[in-house]
Structure formats: C-alpha cells, structure tokens
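Written out below as structure tokens is the structure these notes cover.
The values are calculated or read from the model by the stated rules, or taken from the named source; none is laboratory data. Computed from a predicted model, the values in this text were never measured in an experiment. Glycine gets a Cβ as well: all are built from the backbone with ideal geometry, and neighbour counts include every protein chain shown. All accessible areas refer to the heavy atoms of the entire protein, side chains included, with ligands and DNA or RNA removed. Shrake-Rupley method; radii C 1.70, N 1.55, O 1.52, S 1.80 Å.
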Amino acid sequence: MKIGFIGCGNMASAMIGGILRQGIFSKDEIIVSNLTEEGRARSEKTLGVVTTLDNNEIVRSAKTVVLAVKPQFYEEVLTEVHDSLTTEHTIIGIAPGKTLAWLEEKAGLPLKVVRFMPNTPAQVGAGMTAVCTNDRVSEDELAEILKITDSFGCTEVIPERLMDAAGAVGGCSPAYVFMFIEAMADAAVSQGMPRKQAYKFASQTVLGSAKMVLKTGRHPGDLKDMVCSPAGTTIEGVRTLEKSGFRSAVFEALTAAAEKGKKL
Ligand SMILES: NC(=O)C1=CN([C@@H]2O[C@H](COP(=O)(O)OP(=O)(O)OC[C@H]3O[C@@H](n4cnc5c(N)ncnc54)[C@H](OP(=O)(O)O)[C@@H]3O)[C@@H](O)[C@H]2O)C=CC1
Ligand SMILES: O=C(O)[C@@H]1CCC=N1
C-alpha cells in the first residue's frame with residue numbers, strides 16, 4: 001500500500017478521485033477506512049480501492065496516512081492507532097486547527113507530519129490545496145507529496161501560520177461560491193429563465209471570471225471596470241451590491257471561518 005486514508009467521506013473521496021485519474025497510485029495501492037459498513041461499501045463501490053473498518057490496518061499497511069475524519073475525531077483516532085505508528089510514518093492532517101505540533105504530540109512519536117488544506121473542487125481535478133510540513137520532511141519527500149496534491153488541482157506550499165487563512169479562502173469558499181451561484185440562478189429564474197439554463201449561465205460565468213483573473217494576472221477591480229459600461233446595466237448592480245454590503249459580507253464570512261479554524 002502506498003497511501004491510507006482514515007475516514008473516507010467527501011474530502012477523501014475527492015482527493016482519491018484525482019489521485020486515481022492522474023495515475024499517481026493505482027486502486028490496489030490505496031487503502032481507506034470508514035466508521036460504518038455502509039460507508040465502507042460506498043467507498044468500495046465508488047472508488048474501487050482497498051477498504052477496511054479497522055484503522056490500525058490502514059497504519060500497518062501504509063506509511064503515508066491521511067487523517068480524513070472530522071476534527072473532533074482526530075484525537076480519538078490517533079489514540080486508537082498509536083501502537084501501530086512508527087517513526088517511518090508520515091501523518092497528513094487535513095482538518096482546520098489541528099497544527100503540526102498538535103498532530104505530532106498526539107501521535108506520540110517524532111514522525112513526519114504534514115498538513116493539507118484541500119477543497120472539494122478536487123473532485124473534478126480543480127482543487128486548491130495548501131501544504132505545510134514539519135522539519136522532518138525532506139525536500140525530496142515534499143516533492144513526492146506535491147505530486148499527490150497536484151493530481152487533484154493546484155498546490156501552494158505555505159507557512160503554517162497561514163493555514164487558517166488558506167482554510168477560509170480555499171477550504172471553505174467553495175460553499176460561498178455555490179451560494180453565490182445559487183442566488184444568481186434564482187434571480188435569473190425570477191426573470192423567466194429555466195432553472196437548468198440559469199445554473200449553466202451562473203456557473204460558466206464564475207468559471208470564466210476566475211479564469212480571467214488567473215490567466216490575465218490583471219487586478220480584479222480592473223476586470224470589474226471592463227464590464228461596467230457608463231450609464232449601463234452592470235454599474236446599477238454594483239451600486240446595489242455595495243449598498244447591501246456585499247464586499248463586507250464576504251470579508252466577514254472569511255474572517256469568521258478563519259477565526260473558527262484557530263479555535264478547533
Ligand atoms: N468537506 C470539505 O470541503 C473539506 C473538509 N476538510 C476536512 O476533511 C475532513 C473530513 O471532512 P469530510 O470529508 O467533509 O467529512 P465526511 O463527514 O464527509 O467524512 C468523514 C468520514 O470519516 C469517517 N469516520 C468517522 N469516524 C471515523 C473513525 N473513527 N474511523 C474511521 N473513519 C471514521 C466517516 O465514515 P462513514 O462513511 O462510515 O460515516 C466518513 O467517511 C475534516 O477534518 C474536514 O475538516 C478540509 C477541507 C475541505
Ligand atoms: O467546514 C469545515 O470545517 C471544513 C474545513 C474547510 C472546509 N470544510
């Protein structure tokens with residue numbers, strides 16, 4: 001086994017999808033665990049990887065282990081697998097708030113520790129993942145880890161102090177973008193557009209706008225100004241968004257998410 005995942009829900013499945021698509025590891029090199037038989041059967045059926053209900057089997061089978069359970073179960077899981085862990089293992093945490101030092105302390109061994117902050121667009125190979133490591137991870141080992149995260153999207157290696165910011169702007173933001181798409185589509189439906197078509201317009205517009213920022217490197221405000229014709233329709237919408245506190249609402253949402261990450 002090359003890699004194991006303790007917990008295989010939304011985020012682990014999204015990452016494994018990318019890993020398999022890019023051929024980083026094959027199905028028989030990936031082992032995952034679930035809490036329930038229902039979850040295990042789902043992982044087996046949808047991903048085709050090796051599955052188990054025994055978290056210790058993950059640690060005995062793979063030297064790289066991703067902790068993909070909810071943050072509140074991290075301590076319980078690390079205690080459960082403690083006797084199977086060795087200094088040869090690399091532990092990868094993907095939860096907000098669970099720091100490199102915390103993970104090493106709870107593992108109870110001087111091992112290699114990595115944090116990922118991925119997001120669900122990994123499911124379609126368009127993820128954005130932040131990575132940081134402790135100083136036991138060598139440059140070569142980091143390069144191998146980046147092959148994994150690059151398989152499901154883009155990666156940035158960042159200092160650990162930025163992980164909560166990355167959690168807000170990367171990990172959580174898909175939820176806010178989906179809310180934005182839903183709201184835009186609702187408005188188009190209220191103007192008479194069929195719902196399916198409204199989702200296509202809203203989603204493709206978000207995708208295209210994001211691509212413009214990434215590909216042109218131009219300031220987002222500059223790109224916004226390109227859309228606003230003098231005395232036109234767009235600037236009327238900009239006026240009402242500013243009046244409704246659109247920017248401030250987004251700013252506050254990401255700040256709340258980052259602050260919550262610090263407390264977990
Ligand atoms: N969802 C997201 O967008 C992101 C999530 N994360 C982080 O990823 C982690 C997982 O989140 P997510 O995938 O959304 O959560 P899910 O609830 O979708 O998945 C959690 C998984 O953990 C399994 N599980 C629970 N307890 C245990 C246990 N004791 N032993 C083994 N497996 C267990 C569950 O099994 P079963 O299937 O049987 O119920 C389930 O498969 C969290 O720490 C979260 O903070 C990080 C970035 C983004
Ligand atoms: O909501 C959460 O806490 C997780 C981490 C980032 C996205 N989902």
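Cut-off 10 angstrom, C-alpha nodes, Gaussian network model of the chain. Which of 145, 91, 58 fluctuates the most?
Looking only at 145, 91, 58, the largest GNM fluctuation is found for 145.
By accessible area of protein heavy atoms, probe 1.4 Å, what ranking do 64, 149, 255 get, highest first? Present the calculation step by step, with values, prior to reporting the outcome.
Numbers: 64 30, 149 0, 255 55 Å².
Reading off the accessible areas and sorting them downward yields 255, 64, 149.
So what are the ³J(HN,Hα) numbers for segment 120-128, from phi and the Karplus equation (6.51, -1.76, 1.60; θ = phi - 60°), rounded to whole Hz, Gly and Pro as x?
In residue order, the calculated couplings are 5, x, 3, 4, 10, x, 10, x, 10 Hz.
Between residue 253 and residue 235, what length in nm is gained on full extension when 0.36 nm per residue of separation is reduced by their alpha carbon distance?
Difference between extended and current length: 4.1 nm.
Suppose we take every Cα in the chain and form the convex hull; what volume per residue is that in Å³?
Looking at the chain, the number lands at 146 Å³ per residue.
Taking segment 3-158 on its own, what percent of its Cα-Cα pair distances exceed 25 Å?
20
In whole Å and largest first, what semi-axes does the C-alpha gyration tensor of segment 1-92 yield when each eigenvalue is scaled by 5 and square-rooted?
19, 15, 11
Scan around residue 24 for amide H atoms under 5 Å from its own, H built in the peptide plane at 1.01 Å from N, and keep only partners 5 or more places away or cross-chain.
Distant-sequence amide H within range of residue 24: zero hits.
Which cross-chain or sequence-distant (5 or more) residues have an amide H under 5 Å from the amide H of residue 127, H modelled 1.01 Å from N in plane?
Here 122, 153, 154 satisfy the definition.
To the nearest 10 degrees, how steep is helix 246-263 against the longest Cα principal axis of the chain, on a 0 to 90 scale?
Long axis of 246-263 versus the principal axis of the chain: about 10 degrees.
In terms of the Cα gyration tensor, with a ≥ b ≥ c the square roots of its eigenvalues, is segment 100-148 rounded because a/c is under 1.5, prolate because a/b exceeds b/c, or oblate?
It comes out oblate by the Cα gyration axes.
Give the percent of DSSP beta bridges with both residues in the chain that are antiparallel, rounded to the nearest 5.
15
Let me check against my output: what whole-number percent is the relative contact order of the chain, with C-alpha pairs under 8 Å and at least 6 apart?
15
Sort 195, 42, 247 by accessible area with a 1.4 Å probe, largest first.
If we order 195, 42, 247 from most to least accessible, we get 247, 42, 195.
Calculate for the chain the 222 nm mean residue ellipticity that helices alone would give, adding -39,500 (n - 2.57) per DSSP H run of length 4 or more and normalising by residue count, nearest 500 deg cm²/dmol.
It lands at -16000 deg cm²/dmol.
Taking every DSSP beta bridge with both residues inside segment 3-158, roughly what % is antiparallel (nearest 5)? Kindly include the intermediate steps, with their values, before the conclusion.
Working: 4 of 27 bridges.
If we restrict to bridges inside segment 3-158, about 15 percent are antiparallel.
Would you list, by chain and number, the aspartates and glutamates whose Cα falls below 20 Å from the Cα of residue 200, excluding same-chain residues fewer than 8 positions away?
In chain and number order, the partners are 182, 186.
At a Cα cut-off below 25 Å, give the lysines reachable from residue 260, other chains included and same-chain residues fewer than 8 away excluded.
70, 98, 106
Would you mind getting the Kirkwood hydrodynamic radius of segment 186-230 from its Cα pairs, rounded to one decimal in Å? Intermediate values should be presented prior to the final figure.
Numbers: mean 1/r = 0.0838 Å⁻¹.
Answer for segment 186-230: a Kirkwood hydrodynamic radius of 11.9 Å.
Using only the Cα atoms, what convex hull volume per residue in Å³ does segment 166-263 have?
Enclosed volume per residue, from the Cα hull, is 120 Å³.
Obtain the nm distance between the two label points defined at residue 102 and residue 150 by a simple spin-label model: each point lies 7 Å from its Cα along the Cα-to-C-beta direction.
A separation of 3.0 nm, rounded to one decimal place.
Largest first, please: the extent of the C-alpha atoms of segment 85-233 along each principal axis, to the nearest Å.
The Cα atoms of segment 85-233 stretch 64, 30, 24 Å along their principal axes.
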